[in-house]
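Here's the structure, in structure tokens; my notes come after.
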Amino acid sequence: MDYKIRTFIGVEIGEKSRIQAANFSKKLQDLDADIKWEPPHKFHVTLKFLDEILNEEVNDICVRVQRAVKDLPPFTLGLKGAGAFPNVMKPRNVWIGIGEGRAEITEVARRIDQAMQEIGFPRELRPFTPHVTLGRVKRATPALADLSELLAQYGNIDLGKSYIQSVTVFASHMARSGSSYTVLATCPLAGE
């Protein structure tokens with residue numbers, strides 16, 4: 001029986017960086033803006049969002065992701081800088097940026113995008129901007145001005161480094177309480 005699975009491809013950050021990012025997120029949460037904050041166990045960098053796919057497509061996607069990354073070496077990913085999309089003055093999505101390892105993760109995303117295009121997924125039109133989402137603004141409130149000021153103040157914050165050894169294919173399950181993720185496949189980089 002066919003059913004659909006909401007799917008994305010990403011990399012998980014290490015525990016130390018996750019804790020530092022969570023501590024920073026708590027500072028932002030103290031402002032009491034109307035934002036849906038992500039729990040620390042969900043912190044990751046999305047490489048490609050596939051949306052809903054048929055369960056019968058999962059294996060092919062996982063195999064293609066593995067082929068796309070198998071010869072890339074592991075790398076260090078540094079969490080650096082806080083910001084928001086579309087910008088800190090009008091935040092809709094609050095994030096932590098990437099410093100060290102930016103070129104490497106961009107290459108991983110490029111290869112995955114190309115591999116997914118080969119099986120019918122549309123190519124990304126926007127430039128890849130690697131980041132870890134901390135929260136999404138639900139509605140504008142006066143506290144957003146304070147949030148914008150704090151994000152500008154922490155534009156160069158350093159939140160640790162993670163050693164990236166694999167890429168993960170995730171299923172995302174939606175519920176009223178929020179989404180949860182399940183690992184569909186872990187695809188090691190070269191030498192791992």
Q. Under a straight-distance cross-link criterion of Cα-Cα below 17 Å, which aspartates and glutamates are reachable from K138, leaving out those fewer than 8 residues away in the same chain?
A. D30, D32, D34, E38, D146
(Q) With N set to the number of residues, divide the alpha-carbon radius of gyration of the stretch 56-101 by 2.2 N^0.38 Å and report two decimals. (A) 1.74
Q: Starting from the stretch 9-82, pick out the trypsin sites (Lys or Arg not before Pro) whose DSSP state is loop and whose Cβ has at most 16 other Cβ atoms within 10 Å.
A: K70
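Taking the Cβ of P86 as the centre, find all other residues whose Cβ is under 15 Å away and add up their charges (Lys, Arg: +1; Asp, Glu: -1).
+4
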**Q.** Low-density loop cleavage sites - trypsin sites (Lys or Arg not before Pro) in the stretch 83-192, where at most 15 other Cβ are within 10 Å (DSSP)
**A.** R123, K138, R139, R176
Q: Treating the angle as unsigned and between 0 and 90°, give the value, to the nearest 10°, between the Cα long axis of helix 143-153 and the longest Cα principal axis of the chain.
A: 70 degrees
(Q) Based on C-alpha coordinates, I'd like the Rg and Dmax of the chain, in Å. (A) 16.9, 52
Q) Charges only on Cβ, +1 for Lys and Arg, -1 for Asp and Glu: so what's the dipole of the stretch 4-188 about the Cα centre, in debye to the nearest 20? A) 220 debye
Q) At V63 and A152, where each label point lies 7 Å from the Cα along Cα→Cβ, what is the point-to-point distance in nanometres? A) 5.3 nm
Q) Expressed as an acute angle from 0 to 90° and rounded to the nearest 10, what is the orientation of the C-alpha long axis of helix 15-29 relative to the principal long axis of the chain? A) 40 degrees
Q: Before rounding to the nearest 500, sum -39500 (n - 2.57) across all DSSP H runs of length at least 4 in the chain and divide by the residue total; then give [θ] at 222 nm in deg cm²/dmol.
A: -9000 deg cm²/dmol
Q: Beyond 30 Å between alpha-carbons counts as too far, so tell me which of K4/K90; K4/K26; K27/K70; K26/K70; K4/K80; K4/K70 fall in that bin.
A: K4/K90; K4/K26; K27/K70; K26/K70; K4/K80
Q | Degrees, to the nearest 10: 102-117 long Cα axis against longest axis of the chain | A | 50 degrees
Q.
How charged is the neighbourhood of A115? Take every other residue with its Cβ under 14 Å from the Cβ of A115, and add Lys/Arg as +1 and Asp/Glu as -1.
A. 0
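Values in this text are rule-based calculations from the coordinates and carry no lab data. Note that this is a predicted model, so its numbers are computed, not measured. Virtual Cβ from ideal backbone geometry, glycine too; neighbours counted across all protein chains shown.
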